[in-house]
Amino acid sequence: MSANSKTPLMVVISGPSGVGKDTVLQQMRLLPRPWHYIVTATTRPKREGERDGIDYFFMSPEEYAQTYQEGGFLESAEVYGRWYGVPKSQADEAMNVGMDVIVKTDVQGARTLRSKIGNALLIFIAPPSTQELENRLRERKSETEEDLQRRIETANSEMLLRDEFDYVVVNYEDKVEDVVIEIDRIIEVEKDKRMTDRYSWNK
């Protein structure tokens, strides 16, 4: 089936920090699907092993501010003191040629995208429990205790908003393949349902 045989779809993958969104996306990339993955721009420092333009577009606060002022972000938000934005040009170029786009963002960003793209498909990745999520965050050992507590509090608040999403997929430990299979199935089902919908930004 070609990328242009159905109306392109924006798929928003979201969920609390530490739930495993990056791991899910890495596994999704292994599927032979004509999906375009949006690379998010951020002002946060690069972590070990991350690649500019692949994992994120790492920008200085000045570069980010200029892009924002020029209307270059479809969605932009400050998260834990750093800015994250979804480059509008990437989504435009991909969807204009009929490609589905996959966007990873936080819960706040997902709400913004829903307000701008009414037919966007929102998928919430949830942990098996809040305690399991806290354990995962602690195992990362990438934040100070103060930052960790702030992430845990935010994650608990975000969990309360999952009913706003179209689907909730639970990411069990060592079961990421099951999550990817479920997301792939959801996307195909939703594309069949939305064949007559048109892609457009709500200005």
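The values are calculated or read from the model by the stated rules, or taken from the named source; none is laboratory data. The shown structure was predicted, so the numbers you read here are calculated from the model rather than taken from an experiment. As a convention, Cβ positions derive from the backbone with ideal geometry for all residues, glycine included, and neighbour counts pool all protein chains shown. Accessible surface areas use protein heavy atoms only, side chains included; no ligands, DNA or RNA. Shrake-Rupley method; radii C 1.70, N 1.55, O 1.52, S 1.80 Å.
Of everything in segment 124-162 that is modelled with pLDDT of 85 or more and assigned to a loop (DSSP other than H, G, I, E, B), the residue that is surrounded by the fewest Cβ atoms within 10 Å (Cβ to Cβ) is Leu160. Among the candidates Arg198, Arg194, the residue that is charged (D, E, K, R), at pLDDT below 85, touching a Lys or Arg at 6+ places or on another chain (Cβ under 9 Å) and closer than 22 Å to Thr7 by Cα is uniquely Arg194. Could you identify the single residue in Tyr68, Tyr64, Tyr80 that is over 16 Å from the mean Cα position of the chain (by Cα), modelled with pLDDT of 90 or more and open to solvent by 30 Å² or more (accessible area, probe 1.4 Å)? Answer to the check: Tyr68. On the given criteria, is Thr40 modelled with pLDDT under 95, open to solvent by 20 Å² or more (accessible area, probe 1.4 Å) and not aliphatic (A, V, I, L, M)? No; evaluated as a whole, the condition is false for this residue.
Taken over segment 175-193, residues that are of a type in the set (A, V, I, L, M) and either open to solvent by 60 Å² or more (accessible area, probe 1.4 Å) or over 18 Å from Val103 (Cβ atoms) (or both) amount to 3. Please specify each residue of segment 169-182 satisfying the condition of being touching a strand residue (DSSP E or B) at 6+ places or on another chain (Cβ under 6 Å), of a type in the set (A, V, I, L, M) and over 15 Å from Ser129 (Cα atoms). Within segment 169-182, Val179 is the sole residue that qualifies. Scanning segment 83-122 for residues that are open to solvent by less than 20 Å² (accessible area, probe 1.4 Å) and either in contact with a helix residue (DSSP H, G or I) (Cβ under 6 Å, 6 or more places away or on another chain) or polar (S, T, N, Q) (or both) returns Val101, Thr105, Val107, Ala120, Leu121, Leu122. Taking segment 29-123 and the helices (runs of 4 or more DSSP H) fully enclosed by it, the elements with 3 or more residues that are under 26 Å from Ile181 (Cα atoms) and of a type in the set (A, V, I, L, M) are at 88-96, 107-116.
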